[in-house]
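Engineer: This is the structure, below, for whatever I ask next.
The values are calculated or read from the model by the stated rules, or taken from the named source; none is laboratory data. Every value quoted in this text rests on a predicted model; they were computed, and no experiment measured them. Cβ coordinates were reconstructed from backbone atoms using ideal geometry, including for glycine residues, and neighbour counts include every protein chain displayed.
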Amino acid sequence: MQFKRVAIIGAGPGGFYAALELLKYFSGRIDIIDRLPTPFGLVRYGIAPDNQRMKTVSRVFSGLVDEFSNLRFIGNVDFGVDITRGDLLRNYDSIIYATGATDRQYLRVPGEDLAGSFSAMDFVDWYNGHPLRRISDFPLGFSKAAVVGGGNVALDVVRMLVNETSVVRSTDVPDRVLKVLEENPVKEVYLLVRKGPAQAKFTPVELRGLGNLENVDIIIDPRDLELNEEEAGYVEENQQCHLNMDILRSIAERPSGGHKKRIHIKFWHSVAVIGGRDSVEWLELRSNAARGQSREPEGDAPRISVDAIFSAIGNAVGMIPGVPFDERKSVIPNIRGHILDENGEVLPKEFVAGWAKRGPSGTVGTNRQDSAETVTTMLRSWEHSNGDRGARPAGMDITEVLRERGIRFTSWDDWMSIDGKELSAGREQNRPRVKLSELDDMLDCLNRHHLQNG
């Protein structure tokens, strides 16, 4: 096989897992390109700070770059602005898009535009110090909140709203975020889940983390945990659901501890209206009865008094400039990772992995199998193409293209400098790290490092 170049757009789990699989069979150049100046995407900016164990997968990804000299990280490059699809097609033999799901999902109910109505994505980006979101101050001036959603992000948001200050201080949140969370006045949170516990997408690890919160009472109506015959059969066969039900029942059976902080988990409820004059003051709920369920709605669900609401109903895959997109399914159209054009024909050089391939579902680890399928498809496409017969088309190293355009891209060495500064700041405060959350601060750190090292 002649020398080949592969570009992976997106340095999150989908992108790094694709690189991991590709490196098993491939000795050509692999460039992982990201719009952030730092690698790891969802691992760094999506996982809640109080879940440091989940973030350790970044060590596996770091090991790849350290071990394989043909793998490069190229950060601070905005695809569609700094470089285009045409640039990649001219300078690479194959491209894998692993850009994740970065668009918000909305409840689409009256009152959603009131002050105090937030996207969970904004809250997550704020407490994780996302440098491109520009969320400098999150207004945590409320005592009662609702979180709408039945997945791990909803659990993350609930935990971060009620966590003990001592727990938050042991995480890697930026200093400015820590200062706000230390003054957090939230005392009561409603977790509103549209379906029942058997349908919820929580993972047992995340659910157990909620149950282990200190100085918090968690209230669950035992009737919400009753299963009909169909649900009981599904739970019995699904290990994750079985564990979830055990955890939920254990929580529901606890006696009240008389704590000042409380979490109400309400299954089978949706938000019908968000009410208030100038800001969120109350929610009108709707009781849901799933098709085929024996339970029926028990009349009109009550209003609950809250000062804020967080929508955590999932992210949406956004369009990538110039790349085919299926708006109905909200994914890049593909067959086993090979991208299809508008006529359903495969595009010879273009592939997709991760959430952009299958939609925003699964955990960080789910991306490994998904990326492996895409890489297998790509390697088979090389075997069946005529691309190995003859010389490779002329192309530039993409870093030369970026330099010609005056783009200040970052390298793996640059990330090591940022990483070192964050870890050093963390040691001073007895924390795992203290994140730099401003892009300018990151670039200033790199400029000082380059001046000191010539």
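Engineer: Scan the range 94-122 for residues that are part of a loop (DSSP other than H, G, I, E, B), farther than 19 Å from R133 by Cβ and among the aliphatic types (A, V, I, L, M) and report the count.
Structural biologist: 4
Engineer: Within the range 317-334, can you find the residues that are in contact (Cβ under 8 Å) with a residue 12 or more places away in the chain and either crowded, with 16+ Cβ neighbours inside 10 Å or farther than 20 Å from D125 by Cβ (or both)?
Structural biologist: Hits for the range 317-334 are V317, I320, P321, G322, V323, P324, K329, S330, V331, I332, N334.
Engineer: For residues that are buried (at least 24 other Cβ atoms within 10 Å of the Cβ) and small (G, A, S), scanning just the range 147-187, find the one that is nearest to the chain's Cα centre (by Cα).
Structural biologist: This residue is A154.
Engineer: If you don't mind, another one. Run down L191, L248 and say which single residue is part of a helix (DSSP H, G or I), at pLDDT 95 or above and assigned by TED's automatic domain parsing to the domain that holds I309.
Structural biologist: On the way: L191 fails: part of a helix (DSSP H, G or I).
On inspection, the qualifying residue turns out to be L248.
Engineer: Inside the range 212-229, can you point out the residues that are closer than 8 Å to A252 by Cβ and part of a helix (DSSP H, G or I)?
Structural biologist: The answer is P222, L225.
Engineer: Among the helices (runs of 4 or more DSSP H) confined wholly to the range 345-454, which include 1 or more residues that are over 30 Å from P333 (Cβ atoms) and at pLDDT 95 or above?
Structural biologist: So the answer is 398-404, 412-428.
Engineer: Step by step: first the residues of the range 23-35, then only those that are surrounded by fewer than 23 Cβ atoms within 10 Å (Cβ to Cβ), out of contact with any Lys or Arg (no Cβ under 8 Å at 6 or more places or on another chain) and not basic (K, R), then the one that is nearest to N367 (Cα to Cα). Which residue is that?
Structural biologist: L23
Engineer: Looking at the structure I just gave you, is I47 surrounded by 21 or more Cβ atoms within 10 Å (Cβ to Cβ), among the β-branched types (V, I, T) and either part of a loop (DSSP other than H, G, I, E, B) or assigned by TED's automatic domain parsing to the domain that holds D122 (or both)?
Structural biologist: Values: surrounded by 21 or more Cβ atoms within 10 Å (Cβ to Cβ): yes; among the β-branched types (V, I, T): yes; either part of a loop (DSSP other than H, G, I, E, B) or assigned by TED's automatic domain parsing to the domain that holds D122 (or both): yes.
Judged against the criteria, I47 is a match.
Engineer: Kindly indicate whether any position in the range 234-245 is over 30 Å from V168 (Cβ atoms), without any contact (Cβ under 8 Å) to a residue 12 or more places away in the chain and touching an Asp or Glu at 6+ places or on another chain (Cβ under 8 Å).
Structural biologist: The answer is yes; a qualifying residue exists.
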